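Here's the structure, in C-alpha cells; my notes come after.
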Amino acid sequence: MPEMQPIFRLAIPEDLDGIMRAVHEAQAFMRTLNIDQWQDGYPEPETLLEDIRLGQLYVIAEGMDVRAVAALSLLKEPVYDAIEGAWLAAGEKYLTIHRMATDDSGRGRGFAARMLAEAERIAGENGCASVRADTHRGNLAMRRFLEKHGFSNCGQVYYYVKKGDPVRVAYEKIL
C-alpha cells in the first residue's frame, strides 16, 4: 500500500479527537521541558471548535490522522495592542498563528515548518503585511524555531492564564 502524503487542510469537527490528541501530546512534551505553557487545560475543545467554526483552524493530516494543528487567524489580536516593544509592521494587516501543536509521531518531520509556510501563503493571499506569533518565554525550542524561520522578537505581550507565567514573547515576520 502506498504511503499517504500529509495534507494541509481546514480542520473539521470530526478532527477534534485527533486535534486534542496532538494538543495533549504537545502539553506533555512542554511539561518535560519544564514549561508551564498550556498546563492549565488550554486550549480547550470549545476554543478549537470555535476556531473550526471561524474557518481558521488548520491541520496537517495523514488520512484522517491529525499530525499538526494551528489556528491561522486573520482577526485582530487585541492582546497585541499592548505590546511592550514594537511591531515591525505596526498598523498593517497581519495573520496570527495560535495554538500550534504537533503530535509525537509528527515531531521532527517538518510539519511545523510547513504550517509556517502555509501561514505565510494565506497571509499573502489576504493582503497581510506580516505574520505574527507569540510563545511562552520559557519555550526556547519554539523561540529558536521562529527565529530560524525569519521571525523577529518584537517584545512581550501578556495573556490572562489560570495559572503559570502570563508573559509571551511576541514575534513577527514581514512578508
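The values are calculated or read from the model by the stated rules, or taken from the named source; none is laboratory data. Since the structure is predicted, the reported quantities are computational estimates derived from the model, not experimental observations. For neighbour counting, all protein chains shown are included, and Cβ atoms are generated from backbone atoms with ideal geometry for every residue, glycine included. To get the accessible areas, we keep the full protein, side chains included, count just its heavy atoms, and leave off ligands, DNA and RNA. Shrake-Rupley method; radii C 1.70, N 1.55, O 1.52, S 1.80 Å.
Is it the case that some residue within segment 31-51 is open to solvent by less than 20 Å² (accessible area, probe 1.4 Å) and β-branched (Val, Ile, Thr)?
Yes, that holds for at least one residue.
Go through (1) of a type outside the set (Asp, Glu); (2) surrounded by 15 or more Cβ atoms within 10 Å (Cβ to Cβ); (3) without any contact (Cβ under 8 Å) to a residue 60 or more places away in the chain one by one and return the number of the condition Gly127 breaks.
(2)
Based on this model, can you work out whether Pro6 counts as in contact (Cβ under 8 Å) with a residue 24 or more places away in the chain and out of contact with any Pro (no Cβ under 7 Å at 6 or more places or on another chain)?
On the way: in contact (Cβ under 8 Å) with a residue 24 or more places away in the chain: yes; out of contact with any Pro (no Cβ under 7 Å at 6 or more places or on another chain): yes.
Yes; evaluated as a whole, the condition is true for this residue.
Given (1) surrounded by fewer than 16 Cβ atoms within 10 Å (Cβ to Cβ); (2) closer than 19 Å to Asp134 by Cβ, where does Ala28 come up short, assuming only one miss?
Status for Ala28: all satisfied but (2).
Pick from segment 156-175 the residues that are in contact (Cβ under 8 Å) with a residue 12 or more places away in the chain and open to solvent by 50 Å² or more (accessible area, probe 1.4 Å): which of them is nearest to Arg121 (Cα to Cα)?
Here the answer is Leu175.
Could you grab me the full set of residues in segment 1-18 that are exposed (fewer than 13 other Cβ atoms within 10 Å of the Cβ), modelled with pLDDT under 95 and in contact with a strand residue (DSSP E or B) (Cβ under 6 Å, 6 or more places away or on another chain)?
Across segment 1-18, the qualifying residue is only Met4.
In the set Arg109, Arg21, which member is at pLDDT 95 or above, open to solvent by 40 Å² or more (accessible area, probe 1.4 Å) and more than 26 Å from Val157 (Cβ to Cβ)?
Among Arg109, Arg21, only Arg21 is at pLDDT 95 or above, open to solvent by 40 Å² or more (accessible area, probe 1.4 Å) and more than 26 Å from Val157 (Cβ to Cβ).
Per-residue answers, yes or no, for (1) outside any loop (DSSP other than H, G, I, E, B); (2) under 22 Å from Gly150 (Cα atoms); (3) acidic (Asp, Glu):
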site: Ile35; (1), (2), (3): no, no, no
site: Tyr42; (1), (2), (3): no, no, no
site: Leu48; (1), (2), (3): yes, no, no
site: Ile52; (1), (2), (3): yes, no, no
site: Leu72; (1), (2), (3): yes, yes, no
site: Met100; (1), (2), (3): yes, yes, no
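Assuming Asp134 fulfils every condition listed in (1) touching a residue at least 24 places away in the same chain (Cβ under 8 Å); (2) among the charged types (D, E, K, R); (3) within 25 Å of Ile19 (Cβ to Cβ); (4) surrounded by fewer than 17 Cβ atoms within 10 Å (Cβ to Cβ) apart from one, which condition is it?
Asp134 satisfies every listed condition except (4).
Do we have any residue at all in segment 103-121 that's free of Cβ contacts under 8 Å to residues at least 24 places away in the same chain and over 22 Å from Glu25 (Cα atoms)?
Yes, some residue in segment 103-121 is free of Cβ contacts under 8 Å to residues at least 24 places away in the same chain and over 22 Å from Glu25 (Cα atoms).
Only residues in segment 43-58 that are at pLDDT 95 or above count as the first member; pair them with residues that are of a type in the set (Val, Ile, Thr) and not in a loop (DSSP other than H, G, I, E, B), Cβ under 8 angstrom, at least 6 apart or cross-chain, and list the lot.
The qualifying pairs are Leu48/Ile19; Leu48/Val23; Leu48/Val69; Leu57/Ile19; Leu57/Val69; Tyr58/Val69.
So for segment 112-125 (the condition being out of contact with any strand residue (DSSP E or B) (no Cβ under 8 Å at 6 or more places or on another chain) and farther than 24 Å from Ala22 by Cβ), does at least one residue qualify?
yes
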